[in-house]
Amino acid sequence: MKRLRQRSVFFGALCFVLAGCSGPEDDALHAWMEKVRNETGPAQALAPDPLVIRPVIYNPTDHRDPFDAGKITVLAGVPGSGPQPDLKRTREPLESYPLDSLRMVGSLLRRGQAVALVQADKLIYQVRSGHHLGQDQGKVINISDTAIDIEEIVQESAGTWTTRKVQLAIQSGK
């Protein structure tokens, strides 16, 4: 009970002290704020004119049917067109490895021709432009100091063949 009385006396004194803090400076501040409120009004933002949306009438007889099966066969292409792999060619040793298991570990210049050093199963192979590697009919088209550019011929789901370019970059360490 005594503590409660001490707290109420303390808070009463605190309120009394804070009430005495207002002075002429506060009156001037309140007067200026009232003046600014009276002089300025709310900002009126002009709304842009609404967009006019004109309805379009769809007439299906003027357009091609999007579900026509003939459209799908046109997109798939004709089997036998496009690039074709040479399946009768003798396969090279690096064609039995997937491309992601091969590592380029270096390159050098031999008789003016760039040669890349490729590691597969802890063996190092020399690769030149025109050599094949990877399981997707990959052919080396360019060798730089840091990468081997490869053009692969892969078969799509529709039976057509297409080319894609991939790069085997040099890897250090390991």
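Read-outs: derived from the displayed coordinates by stated rules, not from any lab. From a predicted model like this one, the values you see are computed outputs, not experimental measurements. Glycine gets a Cβ as well: all are built from the backbone with ideal geometry, and neighbour counts include every protein chain shown.
Values for this structure:
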{"item": "Packing-based exposure ordering (other Cβ within 10 Å, fewest first) of Asp136, Asp86", "result": "Asp86, Asp136"}
{"item": "Separation of the Leu117 and Arg54 label points, Cα + 7 Å toward Cβ, nm", "result": "7.1"}
{"item": "Cross-link reach list, aspartates and glutamates versus Lys139, counting only Cα pairs under 12 Å and skipping chain neighbours closer than eight places", "result": "Asp86, Glu92, Glu95, Asp149, Glu151, Glu152"}
{"item": "Simple Cβ-charge dipole of the stretch 93-169, Lys/Arg +1 and Asp/Glu -1, about Cα centre, in debye nearest 20", "result": "360"}
{"item": "Likely footprinting exposure, Leu117, Leu46, fewest C-beta neighbours within 10 Å first", "result": "Leu46, Leu117"}
{"item": "D (Stokes-Einstein, µm²/s), Kirkwood Cα radius, the stretch 93-169, 1.306 mPa s at 10 °C", "result": "125"}
{"item": "Residues Val9 and His30, FRET efficiency given R0 of 30 Å [Cβ-Cβ distance, rounded to 0.05]", "result": "0.45"}
{"item": "Two-site FRET efficiency, Tyr125 against Thr162, from Cβ-Cβ distance with R₀ of 22 Å, rounded to 0.05", "result": "0.20"}
